[in-house]
Structures are given as structure tokens and as C-alpha cells.
Amino acid sequence: MADSGSPRIDAESDFMRARRLQTLSALAARLRGEGGGSTQALSFDEVVDALGRRGERRIGLHLIPLDAIIGSVDKVRDFDRRFRPTSDKSRARWERIARASRVGEEIPPIDVYKLGDYYFVRDGHHRVSVARALRLRLIEAEVTEVQTLLEPRDIGRREDLEIKHWRKVFIQRVPLTPSVRERVRVTRPHAYGMLAEMVEAWAARTMQSEGELMDKKTMARRWYDEEFLPVLELVNEAGLKGEDETDGDAYMRVSGERYRLIREHAWNREIMRDVAAGKRRRRKPR
């Protein structure tokens, strides 16, 4: 970082450099055809809504990595993803903190929410911005950890939130246990809604056949054990899984193809051979 010998002048230079880098970053995003939101800090509320909030606990004072701070509770428009200021409106406050940091004054800890390995600022946005501008690696923070329905990973971009939201909806409708959720993944966000409908339709047919009701947890467990896993075994045996497909993608695609060709919900090797061959069965006259 620059050092002219004058903390005031250096703080002014720090702010001007941070603003210049933010402006260039926003311009580059526009030239790439990206929306303005691509450079904004992530919204804590949007992320928690996508993941499903379960609870929180205070874990106290910690040194946290500045690079792991990716969002804000209430100032997503004031700072970009690297916590560079997006306007000059709080310049005086920013420079005051920068001067204090440069002369070694004690800076109060910030206050953050922790989601997995990520942090979102509740209080201390300017302190984070200055610390990053001065190329520090760590910052002291009061940390509150938030527990979520979905594991908080791969949430570094706003684009990641749509699929998280739909996966949360799926898990709420089909409450699979954490140990098996990873296997039931699809790559298209809205496919989770379709998959939930497929599971619920399977449960309705099963309950009608057996003459007994089942709750959501029983539905999820039985569908996974009695439908999903056996179908995947047949799919793999017939060589019908695409190279880039998840197990969930393959299940949905082959299930749809089976019904389109054969118009029934049963599974066996003969049906799977017909699906693999693209053979449409003639419906028997009634």
C-alpha cells in the first residue's frame, strides 16, 4: 500500500484507488453482458431464504479471513463483492477509518453472520472495506453462526441461489435424510419442482394400492429405497445414464421417456430394453 508519510493523504489515496477499481470492475461486467447484480455483495436474506433457515448460535470473537466475507445484511448496494465502495457518499467515514488503521489505532471488531465457510456483515462494512483496501488477510469479528436446511456451500455467486432455492423447496416436500440427499441432485433449478411432483405421484399410487396413508418422511424414505435406487440400477445396467448426468437427471429423463413410450409406471428389464430401443408399445384396445 502507498505510504507518503501523511496518513490523511494516504487514506484519501486508498479511497480513490478502491473507487477506481470498483468502477472498472462494474464496467468490465457490463462489457461482458452481465447484469449489475453480478458485482454486488450478496444479500444475506436472499441466501438464507434460498438455503432455509433453521436456527442460529453465537460463537463469539474470532479472527476471520477477509476473503471469506462475501455479502451483507443491509448494504448490498453500497459495496461490491470485494467490498469496494460503490459511491462517494460515505467517503469521509471511510477515510477516517483508513487513517486510524494506518496510525495503529484500535479498530473495533465487526459483527458477522457465518454460513458454512462464508461470512455476511451485520455491522462494520467500512472496516471491512478499508481492511481489504489495505490488503490485510484477517479481521476480528463477533460471529453468529446460522444453521440452514441445505448445506451452505457453492453460494459465492447470485446465480447459485436459484438452484439452492428450488432444492430447498424439494427437500421441504420430500424430506430425505442428509445421508442420501447428495445422490438426489438435478442440474436444472426448476427440475426440483418436477421431481417433487414425481415423488408425490409415486406416493399417491402406492397409498392407493396399499390402502394406507404415509407421512412425508415415510414417503421420502420409501421412494428412495423402492423407486429411485432400483431404477438407477436398471438405468446403469442398460447403459442409459448420460456422461454428464447426475443420478437425479438420469432418473427423471428415463422416467419421462418410459411414460412417453409405454404409458405406464412399472419398472422391469423388459421395459428398460424397450426404453433403450425407443420402442413405443401399442396400447391394447379397451
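Just so you know, all these numbers are worked out from the coordinates, no wet-lab data involved. Here the structure is a predicted model, which is why all the values come from computation and not from measurement. When we count neighbours, we look across all protein chains shown, and the Cβ atoms used for this are built from the backbone with ideal geometry, even at glycine.
Worth pointing out:
- The calculated FRET efficiency for LEU27 paired with LEU63, based on their beta-carbon distance and R0 = 45 Å, is about 0.85.
- Placing a pseudo-label 7 Å from each Cα along the Cα-to-Cβ vector at ARG17 and GLU233 gives an inter-label distance of 6.3 nm.
- Inter-probe distance in nm under a simple model that places probes 7 Å from Cα toward Cβ, at HIS190 and ASP3: 5.8
- Where labels lie 7 Å past Cα in the beta-carbon direction, separation of LEU134 and VAL103 in nm: 1.3
- Taking the chain and dividing mean pair separation by its residue count, relative contact order in percent (alpha carbons under 8 Å, at least six apart): 17
- Shape call, the stretch 1-117: gyration tensor on alpha carbons, a/c limit 1.5: oblate
- A Förster distance of 30 Å, applied to the separation of the beta-carbon atoms of GLU200 and ASP117, puts the FRET efficiency at 0.30.
- On the beta carbon distance between MET207 and GLU159, with R0 = 35 Å, the FRET formula returns roughly 0.35.
- Axial C-alpha extent at least 30 Å, average Kyte-Doolittle at least -1.0 - helices from the chain (DSSP): 7-31
- Amide H contacts under 5 Å for GLN147: ARG54, GLY55, GLU56, ARG57, restricted to partners 5 or more places along the chain or on a different chain, H placed in the peptide plane at 1.01 Å from N.
- What the Kirkwood sum gives for the chain is a hydrodynamic radius of 22.5 Å, with every pair of different alpha carbons counted.
- Lysine pair count for the chain (Cα-Cα distance under 18 Å; residues 8 or more apart in sequence or on different chains): 6.
- Distance histogram for the stretch 189-271 (every C-alpha pair counted, 5 angstrom bins, percent rounded to whole numbers): 3, 13, 25, 26, 20, 10, 3, 1
- Taking the Cα centre of the stretch 7-148 as origin and assigning +1 to Lys and Arg Cβ atoms and -1 to Asp and Glu Cβ atoms, the resulting dipole is close to 480 debye.
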